[in-house]
Amino acid sequence: MQQYVAVGAEISTEASTAIAQQLVQLEKLVLKLESKYGKQVLEDPSSRAALAEICLSLGINPLHLSLEKHSRTPEFYARLQVAVINISQGLSSQNSGCMSLKQLQHQVQTQLREKVTIKEVTKAITDLNVLGPGLRLETLSNGLEVVRTVTGELSSAQGEVYIACDALGYVSTEVLHDNLGWTMEHSQEVLDNMVSTGFLWIDDQVSPAHYWNPGIIENQI
Amino acid sequence: MYEFPPFFTRQPNEDTWRLQLKLWQDVVYKWCLANNEWRLTPSADVFTNKRIDRTLNIDAATHVLTEMCRKGVAEKLENNETFLVYKHTPADLATELRQWARETGHETSVLTFYELSEGELPSLEKFINADDITLKRVAEVLERRKEGVAMKEEGECVGIKITL
């Protein structure tokens with residue numbers, strides 16, 4: 001009797017190893033198929049659905065297939081939008097709810113580990129607005145495009161700094177104090193914040209320090 | 001960029017500073033090219049813009065030059081604070097020399113630094129006026145690639161023997 005049990009166990013182990021091996025082979029085949037015919041598959045909705053089904057039954061995440069990179073699918077935009085929301089929410093306390101479009105693009109790329117164009121980020125934001133006004137794309141008077149979370153007290157302060165920068169070229173704590181009626185501490189806080197997030201560049205070779213909007217020179221870079 | 005005052009202050013934001021570093025390396029190379037002056041210290045003229053009265057401090061300037069060394073486009077000279085910026089990198093020159101040797105049948109020739117830097121060899125313009133340190137580095141690159149050997153005279157490197 002014991003012998004039968006032992007033999008039975010052996011057979012079932014063998015069978016499961018064989019199946020596991022076959023699955024690995026199959027997965028390889030699917031990935032090969034995908035890399036070879038990815039584009040065609042992508043263009044034909046029914047084969048796309050079929051491939052996705054095969055993938056799911058094998059435990060391959062279809063979203064990770066490289067065919068997603070051939071062209072931008074709705075799935076890509078969904079992932080992009082999630083990244084945009086994550087980043088703009090995660091950073092809103094640091095950057096006072098406002099960041100340049102370029103920075104956002106940079107961080108989205110880091111998060112998704114693939115190249116994303118400004119245009120695609122813009123599209124993601126525009127599409128998100130259908131769901132309600134959470135993020136707003138703004139072009140400041142100097143042409144710098146920023147993304148702003150619609151709530152956020154401080155972002156309006158940042159906007160005022162930008163406008164002052166635009167008028168004078170640079171600002172300082174004193175300029176903000178004199179023109180906007182801010183306390184020196186508040187001015188310093190807003191400016192420090194904008195420098196630490198890379199919105200403004202500091203020139204510390206004058207006293208008090210001057211803060212410049214890099215938008216002026218960004219076109220030359 | 002060079003007229004933008006905060007360009008001369010190291011920016012606290014790391015991403016911005018990395019961008020700044022890259023732009024400064026460009027500025028340094030172009031300055032060397034324009035002045036035909038390839039040796040400089042962290043207090044060289046390039047780091048000061050007199051028109052706007054701004055200077056990149058020694059620390060930041062050292063950072064720029066050190067970064068250039070790390071990228072293989074400059075090197076720190078022994079015993080002082082001077083850096084040598086390569087007009088053409090030793091790696092590029094070595095590749096150029098190999099191609100030239102192949103195309104002109106100099107697979108086993110000996111080339112002296114003098115011949116190279118005086119422009120005595122046709123179509124090796126990039127080597128004209130190259131200094132001995134750069135040429136020595138070219139010899140070292142070729143040695144590493146097993147495509148050449150440094151020729152020495154009284155312990156000094158004076159030429160390259162191509163061994164293709």
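A few notes on this one:
- None of B:123, B:109 is modelled with pLDDT under 90 and over 19 Å from residue B:39 (Cα atoms) except B:123.
- Flag if residue A:12 is surrounded by fewer than 12 Cβ atoms within 10 Å (Cβ to Cβ) and modelled with pLDDT of 70 or more: yes
- Out of A:170, A:77, one residue alone is closer than 22 Å to residue A:186 by Cβ, at pLDDT 80 or above and not acidic (Asp, Glu). It is A:170.
- Residues (within 25 Å of residue A:201 (Cβ to Cβ) and within 10 Å of the chain's Cα centre (by Cα)) located in segment A:100-121: A:103, A:104, A:105, A:106, A:107, A:108, A:109, A:110, A:121
- Taken as a whole, the structure leaves residue B:27 outside the set of residues that are closer than 28 Å to residue A:199 by Cβ, open to solvent by less than 10 Å² (accessible area, probe 1.4 Å) and either of a type in the set (Phe, Trp, Tyr) or more than 9 Å from every other protein chain (Cβ to nearest Cβ) (or both).
- Enumeration of residues in segment A:202-221 that are at pLDDT 85 or above and more than 7 Å from chain B (Cβ to nearest Cβ): A:206, A:207, A:208, A:209, A:211, A:213
- Candidate set: segment B:1-24, residues that are part of a loop (DSSP other than H, G, I, E, B) and under 30 Å from residue B:129 (Cβ atoms); chosen: the one farthest from the other protein chains (Cβ to nearest Cβ): B:2
- Residues satisfying the stated conditions in segment A:114-139, i.e. in a loop (DSSP other than H, G, I, E, B) and either open to solvent by less than 20 Å² (accessible area, probe 1.4 Å) or at pLDDT 75 or above (or both): A:114, A:115, A:116, A:117
- When segment A:159-201 is filtered for residues that are open to solvent by 30 Å² or more (accessible area, probe 1.4 Å) and within 12 Å of chain B (Cβ to nearest Cβ), the ones remaining, listed by number, are A:170, A:192, A:193, A:196.
- Where a residue in segment B:15-28 is in contact (Cβ under 8 Å) with a residue 24 or more places away in the chain and its partner, wherever it lies, is charged (D, E, K, R), with Cβ under 9 Å and at least six apart: B:21/B:67; B:24/B:67; B:25/B:67; B:25/B:71
- Filtered by the rule that a residue be of a type in the set (A, V, I, L, M) and outside any helix (DSSP H, G or I), segment B:121-164 gives B:121, B:124, B:128, B:130, B:149, B:150, B:151, B:158, B:160, B:162, B:164.
- Filtered residues of segment B:30-70 (kept if within 14 Å of chain A (Cβ to nearest Cβ), of a type in the set (Lys, Arg) and assigned to a helix (DSSP H, G or I)): B:30
- No other residue among B:70, B:54, B:98 is touching a residue at least 24 places away in the same chain (Cβ under 8 Å) and out of contact with any helix residue (DSSP H, G or I) (no Cβ under 6 Å at 6 or more places or on another chain) apart from B:98.
- For segment A:184-218, filtered to residues that are among the hydrophobic types (A, V, I, L, M, F, W, C) and part of a loop (DSSP other than H, G, I, E, B), the residue that is nearest to residue A:103 (Cα to Cα) is A:199.
The values are calculated or read from the model by the stated rules, or taken from the named source; none is laboratory data. Note that the coordinates shown come from a computational prediction; the quantities given were computed from them, not determined experimentally. Neighbour counts run over all protein chains shown; Cβ positions are idealised from the backbone, glycine included. Accessible surface is based on the protein model in full, side chains and every heavy atom, while ligands, DNA and RNA are left aside. Shrake-Rupley method; radii C 1.70, N 1.55, O 1.52, S 1.80 Å.
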